[in-house]
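Novice: Dropping a structure here in structure tokens format, bear with me for questions.
Throughout, read-outs are computed from the coordinates displayed, never taken from laboratory work. On a predicted model such as this, the values are computed, not experimentally measured, just so you know. Cβ placement follows ideal geometry from the backbone for every residue including glycine, while neighbour counts extend to all protein chains displayed.
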Amino acid sequence: MKIFLVLCLLCVGAWSQKLERLPISVVVTAYEGVYTLRKTLDSYVANGLFEMVDEVILLYSQISTVDERALASLSKYPFSHIVGTYANVHVHGTFDVASRLAHNELVLVLQQDFELTADYACTHRALWTAAFTLQRGVAHMVSLRSRANPGIPHWAHHYHGNNVDEMLSYHDGTDQACQVPFWLNDHEIHQFVNKFGLDMRYDALSNFWIASAEICYFNEQASMFVRSWFRHTFAKTLRSLRENPANTTYHNHHSLEIATRYTKDGPWRNRQHYVALGSPGVFTHNDYSKFPHTGIARSHIPPIHERASMFFLSWL
């Protein structure tokens, strides 16, 4: 309730001026050089992310592999903290580390190749909408990957067309089905959900699609979550990882991915957890190191009108 009241107060006057910082901890995860990372951070500076949230932390994996001068170049960005690990932290492991570094209950994990491609006002509305969605309890994780401008690569694009049956046969049936908002319009999604009887619905208040863990893997794509929920939900898994010092940090955190994605009776898929994703997203996947000549790739879906986020501000 406290988070909700703070968010409500911060939303007053959103259209006229920049607001006080949202009570959100952003953790940017990085590895293997700084070329893509710097471009990503430049987009955060240009669109006001550093000024918008309570803290921004850089978590750099395998920091010893990076040139000292390259690391020094990151000092110009206004991070709250820069944390380096000598171990190779698996992508799912960054959620574990981020939940321990963050000072706020709301945590947004961004990989180094997720650029911010929306302006200050749109981004603020998106973050607020994600936070409010979590506070309402209709979702446990919110993916803020842009629907209109998701970037490349995107797994869902492999199934644009009529290959639905192939998608549903991937990894125990349907754990990728939640990605359909990236290649179907809303009317087509309704048909898709009804045809296969999937636990997925449209939330008009937020403009997100809400999908159950049964059809949606633990989403690491620009995702926001509540820190205490994460620590409680995966307490047993995280404890077992800490109690196995023989394993490397990387393999321990790879075990966290197994627990969150592939284990049907694990802490993710055997509970009623839900992921929100879709139109309010504002981050674009753009890895300049792997795809230097492509730039930002746009989805075939036309830009989405942000009526729900605008409604929040007038309603409050």
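Novice: List the chymotrypsin sites (Phe, Trp or Tyr not before Pro) within segment 55-89 that DSSP assigns to loop and that have no more than 15 neighbouring Cβ atoms inside 10 Å.
Specialist: Listed in order of number, the matching sites are Tyr86.
Novice: Once the cut-off is 20 Å, how many percent of the Cα-Cα pairs in segment 72-155 end up in the long-distance tail?
Specialist: So the portion of pairs separated by more than 20 Å is 48 percent.
Novice: Then there's this: Points 7 angstrom from Cα along the Cβ direction at Phe192 and Gln272: gap in nanometres?
Specialist: The modelled label-to-label distance comes out at 2.5 nm.
Novice: Still on this structure, please answer the following. Determine, from the Cβ-Cβ distance of His232 and Arg201 and an R0 of 35 Å, the FRET efficiency 1/(1 + (r/R0)^6), rounded to the nearest 0.05.
Specialist: For His232 and Arg201, the calculated efficiency is 0.90.
Novice: So for segment 8-138, taking the charge dipole from beta-carbon charges (+1 Lys/Arg, -1 Asp/Glu), which of Thr29, Cys122, His90 sits furthest toward the positive end?
Specialist: So the residue furthest toward the plus end is Cys122.
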